[in-house]
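Structure provided below as structure tokens; questions to follow.
Values quoted throughout were computed directly from the atomic coordinates according to the rules given, and no laboratory measurement underlies them. Model, not experiment: these values are computed from the prediction. Quick reminder, even Gly has a Cβ in these numbers, built from the backbone with ideal geometry, and neighbours come from all protein chains shown.
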Amino acid sequence: MTAQPARTGAPAVAGGGGAPRHVAIIMDGNGRWAKKRFLPRIAGHRAGVEAVRRTVETAPDLGIEVLTLYAFSSENWKRPADEVNDLMGLLKRYLQSEIDELDRNGVRIRYIGDPERLSADVRLLLDTSVARTAGNGKLTLVLALNYGSQDEIARAVRRLVADGVEPTIEAIEARLDTADLPPPDLIIRTSGEQRLSNFLMWQAAYAELIFTDDLWPDFDRAAFERAIAEYGRRERRFGGL
Ligand code: IPE
Ligand code: IPE
Ligand code: MG
């Protein structure tokens, strides 16, 4: 969409005007990246972790305050057990090996999703990382793990009912996993697929969406910068004029 001249009346918010505060990424295409190279899928996931490192490092340079990464969906349990184990193993190793540097770089770690189905060691590692980095303010890194929007909304509604509260938009939002986070301004999905796959469906109400053909392991600083520049050309109206 090309930038439109500002209209009179309620001011349109240029996507730009500044950087997106909150960027959420559907990191897709690891398997296809590996397949292209005749490698096992795990090799694609390993290369995907490198892309995560780069992206987390680049985000603050681009003015981003919150970066949410879709790492494992509530539907990804449907994959073969070996692949699920590989993914959980990579997550553990990422946190163990990166936590010192993340902490040093002022990254605050959070996670969204239902922790119930995660193994006790993954949960412990996540909770320790969250607690250790709670005071950091350079970038909030939100890991979506065993996350699905439908599940998140269902859990929020169950809490609402348990609390005996009137179901207003605010009351629902206050019970989502993202309660204390700003909504995503921009959602990026790599690998050419154009769907949300149960990611931040409530929160995406007014997010800008960018789909790129890069497979996730190939997503680099230049690709990230291109997406942010494209966001800057969008005009956000939020239903106004
Ligand atoms: C994304 O890559 C990583 C996760 C979903 C965890 P995929 O594993 O979905 O890769 P493709 O879509 O098969 O290429
Ligand atoms: C979405 O990718 C989930 C993550 C990136 C973690 P999938 O590869 O699971 O999505 P579908 O199955 O293609 O919709
Ligand atoms: Mg995929």
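Report the calculated FRET efficiency for Thr168 and Lys35 (r = Cβ-Cβ distance, R0 = 30 Å), to the nearest 0.05.
Numbers: r = 47 Å, r/R0 = 1.56.
The computed FRET efficiency comes out at 0.05.
Additional query: Springs between alpha-carbon atoms under 10 Å, Gaussian network over the chain: tell me which of Val165, Val56, Val107 tops the mean-square fluctuations.
Of Val165, Val56, Val107, the Gaussian network model singles out Val165 as fluctuating most.
When the helix-only estimate is applied to the chain (DSSP H runs of n ≥ 4, each -39,500 (n - 2.57), divided by the residue count), what is the mean residue ellipticity at 222 nm, nearest 500 deg cm²/dmol?
On the way: 7 runs with 96 residues, N = 241.
Theoretical 222 nm ellipticity from helices: -13000 deg cm²/dmol.
Related question: For the chain, what size does the Cα cloud have along each of its three principal axes, sorted from largest down, in whole Å?
57, 49, 35
With an 8 Å cut-off on Cα pairs and a minimum separation of 6 or more residues, tell me the relative contact order of segment 60-147 in percent. Walk me through the numbers on the way to the answer.
Numbers: 115 pairs, mean separation 45.3, N = 88.
Relative contact order here is 51 percent.
Sticking with this one: By the gyration tensor of its Cα atoms, with a ≥ b ≥ c the square roots of the eigenvalues, what is the shape of segment 112-153: rounded for a/c under 1.5, prolate for a/b over b/c, or oblate?
On the way: a/c = 3.31, a/b = 1.37, b/c = 2.41.
It comes out oblate by the Cα gyration axes.
Same structure, new question: Assign one of three labels to segment 113-205, namely rounded, prolate or oblate, based on the Cα gyration tensor with a ≥ b ≥ c the square roots of its eigenvalues; rounded applies when a/c is under 1.5, prolate when it is not and a/b is larger than b/c, and oblate otherwise. Don't jump to the answer; show the numbers that get you there.
On the way: a/c = 1.44, a/b = 1.10, b/c = 1.31.
Because its axes are fairly even, with a/c under 1.5, segment 113-205 counts as rounded.
Here is a follow-up. Please compute, for the alpha-carbon atoms of segment 60-191, the extent along each of the three principal axes and give them in descending order in Å.
Reported extents, whole Å, longest axis first: 44, 38, 32.
Any idea what the relative contact order of segment 171-241 is, in percent, if you count C-alpha pairs under 8 Å spaced at least 6 apart?
Numbers: 57 pairs, mean separation 22.1, N = 71.
Value for segment 171-241: 31 percent.
In addition: State the answer as a single residue: which of Asn198, Phe224, Ala174 lies farthest towards the positive end of the charge dipole of the chain, with beta carbon charges of +1 for Lys and Arg and -1 for Asp and Glu, about the Cα centre.
The Cα lying farthest towards the positive end belongs to Phe224.
Tell me whether segment 47-133 comes out rounded, prolate or oblate; compute the Cα gyration tensor, take square roots of the eigenvalues as a ≥ b ≥ c, and use a/c under 1.5 as the rounded threshold. List each step's numbers first, then the result.
On the way: a/c = 1.83, a/b = 1.50, b/c = 1.22.
It comes out prolate by the Cα gyration axes.
Using Cα pairs closer than 8 Å and at least 6 residues apart in sequence, work out the relative contact order for the chain, in percent. Working shown, then result.
Values: 392 pairs, mean separation 81.6, N = 241.
Taking the mean separation of contacting Cα pairs over the length of the chain, I get 34 percent.
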